[in-house]
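> One structure is given below, represented as structure tokens, and several questions about it will come after.
The values are calculated or read from the model by the stated rules, or taken from the named source; none is laboratory data. Here the structure is a predicted model, which is why all the values come from computation and not from measurement. Note: ideal-geometry Cβ built from the backbone for every residue, glycine included; neighbour counts use all protein chains shown. Ligands, DNA and RNA are stripped out before the accessible areas are found, and what is left, the full protein with its side chains, is counted by its heavy atoms. Shrake-Rupley method; radii C 1.70, N 1.55, O 1.52, S 1.80 Å.
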Number of protein chains: 2
Amino acid sequence: MAKSKGRLTLPSERNFLAQTQELLDRWGADAIRDSDGTKLEEAVKDLDASIYTTYFVARNHNDFIKDHMEECQQLYLMSPFHTASQESLAIDFMQGYYREQVVPDYHHDPKEWWEVINRTTGQVVPSSQWQVDQERDLVLVEGAEPFHEYTVSFLVYKIWDPTQMYNHITNNWGDSVAHDIPFDVRQPHSNRFMSDYLRRWCQENPKTDVVRFTTFFYHFTLVFNDKAKEKFVDWFGYGASVSPAAILAFQEAKGYRLRPEDFVDQGYYNTAFRVPSKAYLDYVDFQSHFVAQEAKKLVDIVHEAGKEAMMFLGDNWIGTEPYGPYFKDIGLDAVVGSVGGGATLRMIADIPHVKYTEGRFLPYFFPDTFYEGNDPTIEANENWLTARRAIMRKPVDRIGYGGYLSLAYKFPKFVSYIEEVADEFRDIYAIVKDTKPYVGLKVGILNAWGALRTWQTHMVAHALHYKQIYSYLGILEALSGAAVEVIFLSFDQVIADGVPEDVDVLINAGDAGTAFSGGQHWARPELLSAIRRFVYQGGGLVGVGEPSAYLQNGRFFQLAEILGVDKELGFSLSTDKYFTQAQGSHFITADLEAGQDPDFGESMHNLYALSEETEILEYSNGEVHMAAHDYGQGRGVYLAGLPYSIDNTRLLMRALYYAAHKEADFNKWHSSNPAVEVHAYPAKGKYAVVNNTAEPQVTTVYDGQGISQEVSLAASEIQWEEI
Amino acid sequence: MAKSKGRLTLPSERNFLAQTQELLDRWGADAIRDSDGTKLEEAVKDLDASIYTTYFVARNHNDFIKDHMEECQQLYLMSPFHTASQESLAIDFMQGYYREQVVPDYHHDPKEWWEVINRTTGQVVPSSQWQVDQERDLVLVEGAEPFHEYTVSFLVYKIWDPTQMYNHITNNWGDSVAHDIPFDVRQPHSNRFMSDYLRRWCQENPKTDVVRFTTFFYHFTLVFNDKAKEKFVDWFGYGASVSPAAILAFQEAKGYRLRPEDFVDQGYYNTAFRVPSKAYLDYVDFQSHFVAQEAKKLVDIVHEAGKEAMMFLGDNWIGTEPYGPYFKDIGLDAVVGSVGGGATLRMIADIPHVKYTEGRFLPYFFPDTFYEGNDPTIEANENWLTARRAIMRKPVDRIGYGGYLSLAYKFPKFVSYIEEVADEFRDIYAIVKDTKPYVGLKVGILNAWGALRTWQTHMVAHALHYKQIYSYLGILEALSGAAVEVIFLSFDQVIADGVPEDVDVLINAGDAGTAFSGGQHWARPELLSAIRRFVYQGGGLVGVGEPSAYLQNGRFFQLAEILGVDKELGFSLSTDKYFTQAQGSHFITADLEAGQDPDFGESMHNLYALSEETEILEYSNGEVHMAAHDYGQGRGVYLAGLPYSIDNTRLLMRALYYAAHKEADFNKWHSSNPAVEVHAYPAKGKYAVVNNTAEPQVTTVYDGQGISQEVSLAASEIQWEEI
């Protein structure tokens, strides 16, 4: 059989031509890319491969911006809380910030653009009561209320791009590399410059086939502290796109003026965990529209030059969210993003309105993994197995790697392993691309962001672990490779249109008050009645953590009557809780081994069953952690948390089938062993039996009619069968 | 030495004269009491002892009430939540209630006295939209909003006293004993009857020296379910004193009319964990005033008959709260209550305005403890050691026992042990009564109830264990026997008068939103500034659990700037948390053994330090559980929970001394071994070294100048020394 080729991008570097050619052949690569620190030499660009070249729009041009420093990008920051111990108060508002990254904006009048807020009452202090001491960077407040706390919300200029700063500091570039100053393409000079420069660049880079935008205009919020360490990071944040010009243009477009507090948000800066305010949603819409318009200009220039335009999903990506309403207007050819597992793969693979998507796989070819004595194959295998689950459902069109190719080259076992992965990817792709796999259920994930944040819920910074999120992220990770169709629904959408008719089960998961649980949305009667109607008429609801949590009207979980459980906050301790007996066996827990405690991650405490009609599935430490409950023709299921694991994926699938009243379909295209999954492609007449582990597995496989056979699989093996 | 005698009350029973006399002598008892199920025979009443006789005011007189059933006591109940699946809805409001305990009140017009509430919107349904079907006990609602939830708040008559019901059912009294029907002395016939009957009774019981009221008029809220099991219990509840007459009288007195919802409170029924509404506080005040007035009439009758009036602290005690403003008006001679440990002992011993107090000690002489093979001495010793700590600070004036004396008599070891206890109690009493023990600190416990609930915070039902309370009750238990003065302060009081000048440390402890943490009180700027001022000027604040928790203005803990910690609810995940290193040694943790994990009970999750200025004292599982922080001249200390133990008592004491900046005083009247405590009585020139355990202990004892000596103590021993 001829070796397959294509759909793989290789990083390269200087003085590595022969080995680049060798790996190009062995891995079947058809594209070569540079990186932030590496440039391609001309000979490499002449190899038989497309050339991707990283392109920075709004930084890396200090020669330009130094003459237009008033066009630097901006940010609203909040000072620390200061307690007034007397009536006058001096607030060192820059305390804790990194002056090499941000400097106060005294260009725009602080009296107009800043706010001093009494954080004890929530009230704005009249600007007549404070002065700015520009020499000492202090705000001096008079007439303060003693023992109230005050903050200053102030505008800064950003004078160092945070990603370059991070690389600069981490790699000790010192004085040899200038600090990239980010500029704002909403400003006139910057806007002209971005197009002019790109046109020239395209001419000067004839061998570039694909311009890899990294990315467009505004970097997600990333602020450093006075020790030059990360202080605040929000991968989804729009705060770093603000400016007086933007605020005035917003006012023009939306008819009202935003306040500093609309950005500062009590110091939470509208992170994705906050239930977004109308003002913030309006601002996201406004900036996304602007970014799409301006990005389109650049994409058009790239196309005129006969090249393709690819966007990196991250870094300066404010306003380019791929599931937002304006993304399609940009006219991109491709998106590339980093793959941390199944959910992040789907985040890339599901992106609409592009010709192709590319996933950058782990590990990076960096010394933290590629050092003597370590086996990078292990991380590569783990990354591949989790991503492969998702690829079986919806593939990215290309895979790629990053870092120093010379480093990877020193690990022959790794080079061989990636050769296998590349072949396997192309084999899978050939079958599963452009065909709809068998789907057992349709699931709607309900939160305040809806489709805008498809596959992006419960994340702080992309793919980083946080104690407070992993118990929810497991849901996305489990679903990313499961035989279910997944959509993301906002509360507003459900109120406007009801739950879509073809949805089998809704999932609401998150900590109380967050955008993912829903917070104040659960005070909206229209939302409650829409979901109750859906379940009552036969739908399913799976709640994880603190679903529908909003304390009012005698309930904490507003959908407690569906879920059959509520959380004890102390107010109902006087009511006896008699229902403490878990059911011995149940459809949902059927694959747990006897005596096996489910892993609820951080779990949730003080849950209790409302009545004897609640089916308690797990009870320990005086609490319910898993339950099911009938509601009209439908059902609710409660889970205290769902970190990702093979067992929890199975638990979730059973919970979904049970909630949907589709237990009878559970054994279609099914594997008895949860470590193995079955993906069927009826239009192609094929199905795959996939071992998701690095150990051999034996299982009983059920086909679409539920007919079974025993199957043995080698470690990580896929077996393809005809239907 | 002559055997000491007195200060002890013995239960007795029929056919037990000789043994009663024997125990009277051995235990030095000077009073004999009957019980709910036992009557004293005449010969016993002639022994050389005071005779206590149990007296029921508002039940146990069915002959009377059967002719005045409209004077039965009443209660507002809430139906279960009912979901409207269409516009008409029938609510079986009695569902889940026990019809032998409560029956709907159709005597008063439901349209006037009941409410149907839409629990999805919180709005009252106009009474024109519903009807009552009295035949079937249904409320029929028309024009309901589909998929909204509805409840009915309805009035019932109580036709069975809940304490008698409990005894009746538990002891299978069957048809032989009538159901005691409670009547309402606010009604005319009942009011006349209560005085007339008591007058007659006093004449008929000449040998009774002390009338033991059990208690006065209204039983705390105790409602049974349709299986005759407890459904709702609130030892502090006032709900069972309501009636249309009371509501009309309230309107007269307070100028506004209470709604059913003021009692039903979304189904929480104003438990002590709810931050009390103004209406509820007004109602408590109103009923307490009424109860005091009426109880005084009875006490006067008792006094006129030459007897003493003693109140049992519990059962029908609504309105008689001993720390309330009207208690002194009742004119009682004594209060007797059940002792579960140190905190409940102090709850009794600290009661003002009576001549004496009596604690009923455990175990009861009941078969659940006094059975063959069991050693009741163990429980008696545990109960005595915890109570003794508190007695060393503030003694009750008498101790007593309950149950069947004949049962205890069968356990000679137990009889001997109580002989020792009785002697030890009298020895202690002789020294510590009427003298002020050495006090190292004054502590104010801050909550919504203040002094009204002195030693009664975080309790659901008296001395019962709940998972959600033990981590806070440990604070009271630790303090009950510690060398600190304890007062209870309400938020209103602090706002009105500031923190009292002589208070060293405030404690705020509880779950977010409860009356004990404070809930919406923490949105009051006057409260925040008063406490900040207090600490800033040198006071201490110890927060346990979720102190000052109220999400607003960028903080969950409104006093986070004092405590140095806040709780991560998800909104500030984007802010880096660098402060995770616990201090190796600290004054507060100095008595923990190396590597010993403190016991925070249920603990608290997702706490983080605000800055490097926070002294982290314990950090595990990605969370701070104990911390200290300077604030002006004062300090804050945070603890995630404090269940009662010897080690936690020491931890709390160190936290208090540290918060108060009084570390230098810590070694005054101090024991190095936490199992031993030192109590000094300077005015008596004595101090006691007390072994609080059932094992021998060795310790270094420090006197008032900090001069030390080694002391060895036998199990449970007290050594008295001269100063």
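> When a/c is below 1.5 the answer is rounded, else prolate if a/b is larger than b/c, else oblate, so apply that to the protein assembly as shown with a ≥ b ≥ c taken from the square roots of the Cα gyration tensor eigenvalues.
Judged from the Cα gyration tensor, the protein assembly as shown comes out prolate (a/c at least 1.5, a/b above b/c).
> Could you name the aspartates and glutamates in cross-link range of A:K254, using Cα to Cα under 13 Å and dropping any fewer than eight places away on the same chain?
Leaving aside aspartates and glutamates fewer than 8 places away in the same chain, those within reach of A:K254 are A:D282, A:D285.
> List the residues of the stretch B:209-240 for which accessible area in the full set of protein chains is at least 20 Å² lower than for the chain on its own; 1.4 Å probe, protein heavy atoms only.
Hits at the 20 Å² cut-off: B:K227, B:E230, B:K231, B:F232.
> Over the stretch B:441-665, average the accessible area per residue using a 1.4 Å probe and give it in Å², no decimals.
That works out to 30 Å² for each residue.
> What distance in nm separates the simple spin-label points at A:A714 and B:E379, each placed 7 Å from Cα in the Cβ direction?
In this crude spin-label approximation the distance works out to 6.8 nm.
> For the protein assembly as shown, with only Lys/Arg (+1) and Asp/Glu (-1) charged at the beta-carbon, what is the dipole magnitude about the Cα centre, in debye rounded to 20?
Roughly 780 debye, rounded to the nearest 20.
> Taking a threshold of 25 Å on the Cα-Cα distance, which of the pairs A:K158/A:K229; B:K207/B:K328; A:K3/A:K686 fall above it?
B:K207/B:K328, as the Cα separations exceed 25 Å there.
> Determine the dipole magnitude for the stretch B:441-665: charges of +1 sit on the beta-carbon of Lys and Arg, -1 on that of Asp and Glu, nothing else is charged, the reference point is the Cα centre, and the result goes in debye to the nearest 20.
Magnitude of the dipole: close to 500 debye.
> Say each of B:W173 and B:A253 gets a label point 7 Å from the Cα, pointing the same way as Cα to Cβ; how far apart are those two points in nm?
Taking the simple label geometry, B:W173 and B:A253 are separated by 3.1 nm.
> ³J(HN,Hα) across the stretch A:131-144 via Karplus (A = 6.51, B = -1.76, C = 1.60, θ = phi - 60°), whole Hz, x for Gly/Pro?
10, 9, 9, 6, 5, 9, 6, 10, 9, 9, 9, 10, x, 6
> Continuing with this model, one more query. Scan around B:Y97 for amide H atoms under 5 Å from its own, H built in the peptide plane at 1.01 Å from N, and keep only partners 5 or more places away or cross-chain.
Amide H neighbours of B:Y97, under 5 Å, 5+ apart: B:D226.
> Compare the Cα positions of B:A509, B:A675, B:N15 along the charge dipole of the protein assembly as shown (+1 at Cβ of Lys, Arg; -1 at Cβ of Asp, Glu; about the Cα centre) and return the one farthest towards the positive end.
B:A509
> Need the per-residue list for the stretch B:568-610: every residue with at least 20 Å² less accessible surface in the complex of protein chains than in the chain by itself, probe 1.4 Å, sorted by number.
Listed by number, the residues meeting the 20 Å² cut-off are B:L569, B:G570, B:F571, B:L573, B:S574, B:T575, B:D576, B:Y578, B:H605, B:N606.
> Please tell me which of these pairs span more than 24 angstrom C-alpha to C-alpha: A:K307/A:K394; A:K413/A:K436; B:K5/B:K45?
Checking Cα-Cα distances, A:K307/A:K394; A:K413/A:K436 exceed 24 Å.
> More than 34 angstrom separation, counting every C-alpha pair in the stretch B:60-310; what % is that?
21 percent
> Pop out the ³J(HN,Hα) list for the stretch A:276-288 in order, Karplus 6.51 cos²θ - 1.76 cosθ + 1.60 with θ = phi - 60°, rounded to Hz; leave Gly and Pro as x.
Whole-Hz 3J(HN,Hα) from phi for the stretch A:276-288: x, 6, 4, 4, 5, 4, 4, 5, 4, 4, 4, 6, 4.
> Send over a whole-number figure in Å² for the accessible area per residue of the stretch A:17-162, probe 1.4 Å.
Value for the stretch A:17-162: 37 Å² per residue.
> Follow-up. Between chains A and B, what is the buried accessible area in Å², counting both sides, with a 1.4 Å probe and ligands, DNA and RNA left out, to the nearest 100?
5400 Å²
> List the residues of the stretch B:67-94 whose accessible area drops by at least 40 Å² when all protein chains are present, compared with their chain alone, using a 1.4 Å probe and counting only protein heavy atoms.
Checking the loss per residue gives B:F81.
> At a 1.4 Å probe radius, carbon and sulfur cover how many percent of the accessible area of chain A?
Exposed carbon and sulfur together represent 48 percent of the surface.
> Calculate the FRET efficiency for A:D599 and A:A90 from the Cβ-Cβ distance with a Förster distance of 60 Å, rounded to the nearest 0.05.
0.70
> Among the trypsin sites (Lys or Arg not before Pro) in the stretch A:211-312, which ones are in a DSSP loop with at most 14 other Cβ atoms within 10 Å of the Cβ? Mind listing them?
A:K227, A:K229, A:R257
> Sequence-distant or interchain residues sharing an amide H contact under 5 Å with A:H462, placed H: which?
Those qualifying (amide H under 5 Å, at least 5 residues apart or on another chain) are A:W235.
> Hey, another quick one. Compute the semi-axes of the equivalent ellipsoid of chain A, taking the square root of 5 times each eigenvalue of the Cα gyration tensor, and list them largest first in whole Å.
42, 38, 21
> What is the set of long-range amide H partners of A:G403 at a cut-off below 5 Å, with H atoms built 1.01 Å from backbone N?
Distant-sequence amide H within range of A:G403: A:F365.
> Might you report the magnitude of the Cβ-based charge dipole of chain B about its Cα centre, with Lys and Arg at +1 and Asp and Glu at -1, to the nearest 20 debye?
Taking the Cα centre of chain B as origin, the dipole is about 1160 debye.
> Right, something else. What ³J(HN,Hα) values, in whole Hz, does the Karplus curve 6.51 cos²θ - 1.76 cosθ + 1.60 give for the stretch B:594-603 when θ = phi - 60°, with x put for Gly and Pro?
Result, ordered by residue: 4, x, 6, 7, x, 9, 9, x, 5, 6 Hz.
> For the stretch B:670-722, how big is the tail of P(r) above 13 Å, as a whole percent of Cα pairs?
I get 52 percent for the Cα pairs in the stretch B:670-722 exceeding 13 Å.
> What does the helix-only formula give at 222 nm for chain B: each DSSP H stretch with n ≥ 4 adding -39500 (n - 2.57), the total divided by the residues, and the result rounded to the nearest 500 deg cm²/dmol?
-8000 deg cm²/dmol
> Continuing with the same structure: Run through the DSSP bridge list for the stretch A:441-665 and note the antiparallel percent, rounded to the nearest 5.
45 percent
> Taking every Cα atom in the stretch B:441-665, find the radius of gyration and the maximum pairwise distance Dmax, and write them in Å.
15.8, 45
> Given all pairs of different Cα atoms, what value in angstroms does the Kirkwood hydrodynamic radius of the stretch B:276-412 take?
Every distinct Cα pair counted, the radius reaches 16.6 Å.
> Further, regarding this structure: Scanning chain A for GluC sites (Glu not before Pro) in DSSP loops with at most 12 other Cβ atoms within 10 Å, what's the longest stretch left with none?
A:143-371
> Hey, another quick one. Just the number, please: percent antiparallel of the DSSP beta bridges in the protein assembly as shown, rounded to the nearest 5.
If I count the DSSP bridges inside the protein assembly as shown, around 55 percent turn out antiparallel.
> Still on this structure, please answer the following. Using all alpha carbons of the stretch B:206-291, what is the percent of pairwise distances in each 5 Å bin, ordered from the shortest bin to the longest?
3, 12, 23, 21, 17, 10, 7, 5, 2, 1
> When the expected Rg is taken as 2.2 N^0.38 Å, what fraction or multiple of it is the alpha-carbon Rg of the stretch A:1-115?
1.88
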